[in-house]
Amino acid sequence: MTVLAFPALLTHDQASACAHSLGIDIRAEQGDKVVINASALEKFDSSALAVLLQCRRDSATAGKRFEVNGLPHQLLQLANLYGISQLLDER
């Protein structure tokens, strides 16, 4: 199992670099499951959801299961608003 952490700040300005870095980590790890720990997020916008969805796609491409831990309540509400919360296996 691979556990990767989101940074405290994840907005549009950081999203591309963050998704790229996490994608490299997802592909490099040997485990069969990727867990994203989002509990450190303090400042974010909807770009954080885009990064989560990219991590989910990268995990699927690598043949790994995907899970999210520690989603801030506001980000989960945003995911519900956009209708994508079912795509984020939040624990």
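For the reader, a short list of remarks on this structure follows.
- Here's the picture: charge each Lys and Arg Cβ at +1 and each Asp and Glu Cβ at -1 in the chain, and of Gln14, Ile24, Pro72 the one pushed furthest to the positive end of that dipole is Ile24.
- Residues in the stretch 20-91 average 55 Å² of solvent-accessible surface per residue, probe 1.4 Å, ligands and nucleic acids excluded.
- Placing Ile26, Ile84 in order of accessible area, with the largest value first and a 1.4 Å probe, yields Ile84, Ile26.
- GNM top mover of Lys33, Lys64, Lys43 - the chain, alpha-carbon springs below 10 Å: Lys43
- The stretch 2-43 - charge dipole about Cα centre, Lys and Arg +1 at Cβ, Asp and Glu -1, debye rounded to 20: 40 debye
- Qualifying GluC sites (Glu not before Pro) for the stretch 6-75 [loop in DSSP, other Cβ within 10 Å: at most 14]: Glu42
- Note: relative contact order over the chain, using C-alpha pairs below 8 Å and six or more positions apart, is 33 percent.
- Rounded to the nearest 20, the Cβ-based charge dipole of the chain about its Cα centre (Lys and Arg +1, Asp and Glu -1) stands at 180 debye.
The values are calculated or read from the model by the stated rules, or taken from the named source; none is laboratory data. All values reported here derive from a predicted model rather than from experimental measurement. We place every Cβ from the backbone using ideal geometry, glycine too, and count neighbours over all the protein chains shown. These accessible areas exclude ligands, DNA and RNA; they are computed on the full protein's heavy atoms, side chains included. Shrake-Rupley method; radii C 1.70, N 1.55, O 1.52, S 1.80 Å.
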